[in-house]
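**Student:** Have a look at this one before I ask anything.
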Amino acid sequence: MHTISFMSDMFCKFAFFFNMEKFKPDVDYEAENILIGISCHLKDYRLVHYINKTDKINLSRYDDLVYVIYPDKNDSKKKIEINYPFYYYYSEDDYLAFNFIGNRIDDSVLLAEYDKLDFIIIINGAIENYDHKQLIKYLKQIPNVLVVAELKFDLIKNIKPILEDLEMHVFEKIKKPEIEKNRTVKAIAKNKLKL
């Protein structure tokens, strides 16, 4: 009888601990990402065309990054979805992901602290070996580009949810379809080998 009550007591303490204390890893986003802001008079596709002229980057257009805002914190059913243009490139040679995102759509701004910027480039991966200053120098030479600057993480209040949404977006729109495609190709190859 004592073992049952002891086990149920332990279970209650265990369940209470995990219900009250949600596991939240402390991620150092600044150590894993580089943020570059761009202000210019170019449309997203035109600026991406110039960026793709570099020998290291080849951005492709994907589904827009959807960022959800809840204007009324008490009513989670009322939400506003804002679609920001999204381009992506992964360099297998350098183990770097380049995310190009629009920062301003009509009256909405993704990074409110940098509301004058039109676009953001987020670079993540093996950034310790990447010289992003060369990219900034190149971007400044593009016609109609007014400002290019590395952004400071500590000035951006909502950077963590944005980076988390970006990571989920990349997985859902790029990585997951690639995985499914590889599975299909492997299944077809396996079936052909059986014949």
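**Student:** Sort 153-165, 56-68 by the packing proxy (mean of other Cβ within 10 Å over each peptide's residues), most packed first.
**Tutor:** Answer by packing, highest mean first, reads 56-68, 153-165.
**Student:** Roughly speaking, what % of Cα-Cα pairs in segment 29-194 are separated by over 25 Å, rounded to a whole number?
**Tutor:** Here the tail beyond 25 Å accounts for 36 percent of pairs.
**Student:** Can you give the translational diffusion coefficient of segment 29-119 in µm²/s, computed by Stokes-Einstein from the Kirkwood radius over Cα pairs at 20 °C and 1.002 mPa s?
**Tutor:** Diffusion coefficient, whole number: 145 µm²/s.
**Student:** Here is a further query. Take the alpha carbon atoms of segment 54-99, find their center, do the same for segment 116-136, and report the distance between the two centers in whole angstrom.
**Tutor:** When both Cα centres are located, 15 Å separates them.
**Student:** Any idea what the dipole of segment 59-195 comes to, in debye rounded to 20, about its Cα centre with Lys/Arg Cβ at +1 and Asp/Glu Cβ at -1?
**Tutor:** 700 debye
**Student:** Apply the Karplus parameterisation 6.51 cos²θ - 1.76 cosθ + 1.60, with θ equal to phi minus 60°, to every residue of segment 131-145 and state each ³J(HN,Hα) to the nearest whole Hz, in sequence, with x for glycine and proline.
**Tutor:** Whole-Hz 3J(HN,Hα) from phi for segment 131-145: 8, 5, 5, 5, 5, 4, 4, 5, 4, 5, 8, 6, x, 6, 8.
**Student:** Relative contact order, percent, of segment 70-173 when contacts are C-alpha pairs under 8 Å separated by at least 6 residues?
**Tutor:** 17 percent
Bear in mind that the values in this text are calculations on the coordinates, not laboratory data. Bear in mind the structure is a predicted one, so any value in this text is a computation, not a measurement. We place every Cβ from the backbone using ideal geometry, glycine too, and count neighbours over all the protein chains shown.
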